[in-house]
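Right, one structure below, let's go through it.
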Amino acid sequence: MKLSGWGQFPRIDCHVTAPRTDAEVAAALTKGHAIARGNGRAYGDSAASAQNTVDMRGFNRMIAFDDATGQVVAEAGVLLGDVINAFLPRGWFPPVTPGTKFVTIGGMIAADVHGKNHHKHGTFGAFVDWIDVMGADGTVQRCSPTENADLFAWTMGGMGLTGIILRAAFRLSKVESAWIKQTMIPAANLDAAMDVFEASGEATYSVAWIDCLSAGDALGRSLVMLGEHAPRDTLDLEKRRRPFDIAAKSKRSIPFNAPSFALNSLTVRAFNAAYFYNGQRKAGDSFVDWDSYFYPLDAILGWNRIYGRKGFMQFQCALPLDSSKKGLEALLRATSVAGQGSFLAVLKRFGAQDSRFSFPMEGYTLALDFPVNPETLALMKQLDQITLDHGGRFYLAKDARMTPETLRSADPRVDEFLNMRAAAGRAATFSSAQSERLKL
Amino acid sequence: MSNKGSVLILGGRSDIGLAVAHQFAASGHPILLAARNSQSLEAEKKDIELRHGVNVSLHDFDALDTASHGAFVDGLGDLPEIAVCAVGVLGDQFENEQNTETAIEVMRANYEGPASIMGVLANRFEERGSGALVGISSVAGDRGRASNYIYGSAKAGFTAFLSGLRNRLAKRGVHVVTVKPGFVATKMVEGLDLPEKLTADPKELGEKIEAAVTRGKNVIYVKPIWAIVMMIIRNIPEMIFKKTSI
């Protein structure tokens, strides 16, 4: 079966099994080269193995919920969106969410995902109480910060290379409504945007959309969006009466791959300019429902197809705080000069992060989308180098084309990761197309 | 939390049965899951209760033990408002051509058992004067084909049974829905290479079934294309049909 990540690049012919029980997972592992796959939302080749892809979507049952602590116990293939549907009406919301709700819990743990509140709350891993991980020999270990703590720590952000995550217990946060009070702040350039971030450390959510084709004094002009869960008594009467109800939205979908000429620097420039001016008009406060606030793109099913059949790649790096400004300027300038506008460019402040192999570090992260073509591949190599020059690192959940050398230059933690992999038969049993490419 | 009528799922372990259970539970209906060895469905019960906040009860049910069907319905307590029969086995056509015993098992599991329990429920629903009966039959019952006629013949019988039941109960306040799913991506067909455009996922089937009950539809194909495909297959003259391999 041909599999690819969300970017539709690369496409890999994979042998796939879809186990429903622990015993079926154990049986699949005996063939080696196994990698767990969730809902296929990693962008590149993280969750595909030509020899042995283990589709975990059959592990889709919720097991328990504790109304006192907000702890959910669920199988790894449960979708985040299903967790929200089940528990938001009871006043609970995920403490950390990525930009799509179509991810599995197992995938969120393997990539140790972050959200718009990383500067305040860290990654999803910080809210995981325990996980059940199946090792190379088919035995299952319960891992938590106090039990099998090493395996627990490596599995957060371990990209599925420590074993198969079967089940997890994680905490939700109490919320009073399904609404987010959003504050939109236009920023004329990168300096201004960073000033807003630095002044908004107390905001629960913050993220900036960048017009990455702007140049000169306007380089990095942005719309910074801050957000807070709206307390019930701040809502209007209508919403206050049913604080967890939002109107059902019509779903649009992109039914087929757009021709590759549909996205070019002209259309991207036009879109970016329109988005910015539209955003400026909406500056200030508004109430936005959770689905539109956290998952605007989920409303367009299959939006990845706008990039055409050849697919697209995302570049996402994190830069340390003290070199963020210089690094971001260099990255945005290179992108602007190349004229390879990114349809979506997102900037976000990261808080401190203490973890074995997770992506975030204190500083800033920039994410850019590019269609796959020789020019963007060359540009991304340039962006790699700029990131390395500024002491940054890369998000493996987005990567589809990095070299092992780049990864090693960026991340001194690789050696320790390889030691962990060498133990307990992990390297022989668990591997993905990405881990083979990156020699992990 | 709601006063919606309960929904009985016969064959509550199957992917289709569970998908239908989730669909009705999401609309606030309490669920009764019936299957052999039903206490092993504890995880499914918990999952449905957690996701949808409705009550789920488990009931031992053996479709092939037809003598027990009356007592089974008595044992449910309150008569459910809706009953969905998702009982069935695909079997191995080639093996069943050679082995009468296994062939008869397939026939019984797809026709005799389902018809028996639907018949018992039909009488109770008729007495009450309300309710809906949903039978999951198959496009395989629309015309016997070399590749699966043992399964198909039993489904053909079940389709005819449901059609007659609908005719009988139409004026008695009881609605009967016949579902012909076509290919559905379930455990039953795992490993078969199915054409993507013709294959529904169980969730889609659940949605269609709830809609059919709500809107009083009689016979539904899950993917509309199947209605066309099967109309063509039914209308090929036998002289030609017998030489084909569809």
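Six or more apart or on different chains, Cβ under 7 Å: which pairs go from a residue in segment B:225-246 that's among the small types (Gly, Ala, Ser) to one that's assigned to a loop (DSSP other than H, G, I, E, B)? Could you list them?
Qualifying pairs under 7 Å: B:245/B:146.
Contact list please: Cβ distance under 9 Å, first residue in segment B:182-195 and closer than 21 Å to residue B:230 by Cα and more than 14 Å from every other protein chain (Cβ to nearest Cβ), second residue of a type in the set (Phe, Trp, Tyr) and surrounded by 10 or more Cβ atoms within 10 Å (Cβ to Cβ), pairs at least six apart or on different chains.
Cβ pairs passing all conditions: B:182/B:221; B:182/B:226; B:183/B:226.
Within segment B:196-245, work out how many residues are in a strand (DSSP E or B) and modelled with pLDDT of 90 or more.
Going through segment B:196-245 one residue at a time, the tally reaches 3.
What is the one condition in (1) among the hydrophobic types (A, V, I, L, M, F, W, C); (2) away from every other protein chain (no Cβ under 13 Å); (3) in contact (Cβ under 8 Å) with a residue 24 or more places away in the chain that residue A:23 does not satisfy?
(3)
Quick one: residue A:95 ticks every box in (1) over 30 Å from residue A:196 (Cβ atoms); (2) touching a Ser or Thr at 6+ places or on another chain (Cβ under 8 Å); (3) surrounded by fewer than 24 Cβ atoms within 10 Å (Cβ to Cβ) bar one, so which box is it?
Going through the list (1) over 30 Å from residue A:196 (Cβ atoms); (2) touching a Ser or Thr at 6+ places or on another chain (Cβ under 8 Å); (3) surrounded by fewer than 24 Cβ atoms within 10 Å (Cβ to Cβ), residue A:95 breaks only (1).
Can you confirm whether residue A:127 is within 14 Å of chain B (Cβ to nearest Cβ), touching a residue at least 40 places away in the same chain (Cβ under 8 Å) and open to solvent by 20 Å² or more (accessible area, probe 1.4 Å)?
no
Among the listed residues B:46, B:4, which satisfies the condition of being in a helix (DSSP H, G or I) and surrounded by fewer than 19 Cβ atoms within 10 Å (Cβ to Cβ)?
The unique qualifying residue is B:46.
Kindly evaluate residue A:357 against the criterion of being at pLDDT 90 or above, of a type in the set (A, V, I, L, M, F, W, C), farther than 12 Å from residue A:220 by Cα and part of a strand (DSSP E or B).
When the stated conditions are applied, residue A:357 does not pass them.
Return the residues of segment A:69-89 that are out of contact with any Phe, Trp or Tyr (no Cβ under 8 Å at 6 or more places or on another chain), open to solvent by 10 Å² or more (accessible area, probe 1.4 Å) and within 14 Å of chain B (Cβ to nearest Cβ); say none if nothing qualifies.
Hits for segment A:69-89 are A:82, A:85.
Here is a list: A:240, A:167. Which entry is farther than 30 Å from residue A:333 by Cα and open to solvent by 70 Å² or more (accessible area, probe 1.4 Å)? Break it down into steps so the answer makes sense when it comes.
Values: A:167 fails: open to solvent by 70 Å² or more (accessible area, probe 1.4 Å).
So the residue among A:240, A:167 that is farther than 30 Å from residue A:333 by Cα and open to solvent by 70 Å² or more (accessible area, probe 1.4 Å) is A:240.
Any idea which of A:310, A:381, A:348, A:326 is of a type in the set (D, E, K, R), in the same structural domain as residue A:268 (by TED's automatic domain parsing) and assigned to a loop (DSSP other than H, G, I, E, B)?
A:310
Tell me yes or no: at least one residue of segment B:13-27 is of a type in the set (D, E, K, R), open to solvent by 40 Å² or more (accessible area, probe 1.4 Å) and within 14 Å of chain A (Cβ to nearest Cβ).
To start, the set of residues in segment B:13-27 that are of a type in the set (D, E, K, R) comprises B:13, B:15.
Filter once more, so that each one left must be open to solvent by 40 Å² or more (accessible area, probe 1.4 Å): B:13.
Imposing the further condition that a residue be within 14 Å of chain A (Cβ to nearest Cβ) reduces the set to B:13.
Within segment B:13-27, one or more residues are of a type in the set (D, E, K, R), open to solvent by 40 Å² or more (accessible area, probe 1.4 Å) and within 14 Å of chain A (Cβ to nearest Cβ).
Do you know which residues across segment B:49-102 are in a helix (DSSP H, G or I), closer than 19 Å to residue B:131 by Cβ and among the hydrophobic types (A, V, I, L, M, F, W, C)?
B:72, B:73
Is it the case, given these coordinates, that residue A:216 is surrounded by fewer than 16 Cβ atoms within 10 Å (Cβ to Cβ), in the same structural domain as residue A:316 (by TED's automatic domain parsing) and on the phi > 0 side of the Ramachandran plot?
yes
Taking the stated definitions as given, is residue B:72 touching a residue at least 24 places away in the same chain (Cβ under 8 Å), aromatic (Phe, Trp, Tyr) and under 30 Å from residue A:73 (Cα atoms)?
So residue B:72 fails the test.
To keep it simple, each residue is scored yes or no on (1) assigned to a helix (DSSP H, G or I); (2) out of contact with any Gly (no Cβ under 6 Å at 6 or more places or on another chain); (3) among the β-branched types (Val, Ile, Thr).
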{"site": "A:368", "(1), (2), (3)": "no, yes, no"}
{"site": "A:386", "(1), (2), (3)": "yes, yes, yes"}
{"site": "A:399", "(1), (2), (3)": "no, no, no"}
{"site": "A:419", "(1), (2), (3)": "yes, yes, no"}
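Considering only segment A:137-212, give the strands (runs of 3 or more DSSP E) lying wholly within it that have at least 2 residues that are out of contact with any His (no Cβ under 8 Å at 6 or more places or on another chain), farther than 30 Å from residue A:55 by Cα and in contact (Cβ under 8 Å) with a residue 40 or more places away in the chain.
A:179-187, A:205-210
Quick check on this structure: which one of A:66, A:112, A:45, A:55 is within 14 Å of chain B (Cβ to nearest Cβ), acidic (Asp, Glu) and in contact (Cβ under 8 Å) with a residue 12 or more places away in the chain?
A:55
The values are calculated or read from the model by the stated rules, or taken from the named source; none is laboratory data. Keep in mind that what you see is a predicted model, and the values were worked out from it rather than measured. We place every Cβ from the backbone using ideal geometry, glycine too, and count neighbours over all the protein chains shown. SASA here: full protein model, heavy atoms, side chains in, ligands and nucleic acids out. Shrake-Rupley method; radii C 1.70, N 1.55, O 1.52, S 1.80 Å.
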